Amino acid sequence: MRALPTVTGRDEFAALVVRTDYHDDEAWQDVTAALTEPWGDGPYEAHVHFVDDPAWAEATVDEVLTAVRDDDRLAVVFLADGTTMRSGSRPLLAVTTLTREECPDDEDYEQLTEFGSGFRTTPAGLHDVHANLSIGNLGFEEYAGWAHDDPAGIYRPS
């Protein structure tokens, strides 16, 4: 596994989005534009920290998680990967940063990851996911379950 650069300068309230696919700059521009739009009923200002460095090209989920593991305020990291760039809805991969070792017991971890350690979310859903996981209002498993119930496997806020 390769070592990736350290993520610096992320405000604790900003969602972390890591670009791992560098084949389509126009698609990336679409993603960043969608993620910087105000969101929710507020509407609320978008707070996103983008990692846009070719050193992260083709990074695996494990490599990304290893690179961000020292950020103890980070509950979820979002990857803009090949699927994100090729799909019209630009679904990002949301991945929990919680590991089995950090979970108090195996049963809790199994419940948290019942639908896996990652799911897809539309750019409009990213802020909802990040905000609610950050304050503990909803759990990762709830969002993963909603994505699981979607015919395309994507969390879409209502």
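Would you say residue 2 is closer than 21 Å to residue 129 by Cβ, assigned to a loop (DSSP other than H, G, I, E, B) and touching a residue at least 12 places away in the same chain (Cβ under 8 Å)? In short, no.
Of everything in region 120-150 that is small (Gly, Ala, Ser) and out of contact with any Pro (no Cβ under 8 Å at 6 or more places or on another chain), the residue that is surrounded by the fewest Cβ atoms within 10 Å (Cβ to Cβ) is 136. Just one residue in the set 90, 73 is basic (Lys, Arg), on the phi > 0 side of the Ramachandran plot and part of a loop (DSSP other than H, G, I, E, B); that residue is 90.
For residue 69, are the conditions met, namely being of a type in the set (Lys, Arg) and at pLDDT below 95? Yes: the conditions hold for residue 69.
Counting just the residues of region 27-57 that are among the charged types (D, E, K, R) and farther than 29 Å from residue 1 by Cα, which one comes out surrounded by the fewest Cβ atoms within 10 Å (Cβ to Cβ)?
Among them, the one singled out is 41.
Out of the residues in region 31-60 meeting the condition of being outside any loop (DSSP other than H, G, I, E, B), at pLDDT 95 or above and in contact with an Asp or Glu (Cβ under 9 Å, 6 or more places away or on another chain), tell me which one is nearest to residue 75 (Cα to Cα). Going through the qualifying residues, I end up with 49. Scanning region 98-123 for residues that are under 23 Å from residue 156 (Cβ atoms) and β-branched (Val, Ile, Thr) yields 113, 121, 122.
Return yes when residue 113 is surrounded by fewer than 19 Cβ atoms within 10 Å (Cβ to Cβ), modelled with pLDDT of 95 or more and touching a strand residue (DSSP E or B) at 6+ places or on another chain (Cβ under 8 Å) and no when it is not. No, not satisfied.
Of all residues in region 141-156, exactly one satisfies the criterion of being farther than 14 Å from residue 96 by Cβ, hydrophobic (A, V, I, L, M, F, W, C) and in a helix (DSSP H, G or I), namely 146. Among the residues of region 116-140, the ones that are at pLDDT 95 or above, β-branched (Val, Ile, Thr) and part of a helix (DSSP H, G or I) come to 1 in all.
Would region 11-26 turn up any residue that is closer than 23 Å to residue 145 by Cβ, of a type in the set (D, E, K, R) and not in a loop (DSSP other than H, G, I, E, B)? No, region 11-26 has no match at all.
The values are calculated or read from the model by the stated rules, or taken from the named source; none is laboratory data. For clarity, every value in this text was computed on a predicted model and none was experimentally measured. Positions of Cβ are generated from backbone atoms using ideal geometry, with glycine treated the same way; all protein chains shown enter the neighbour counts.
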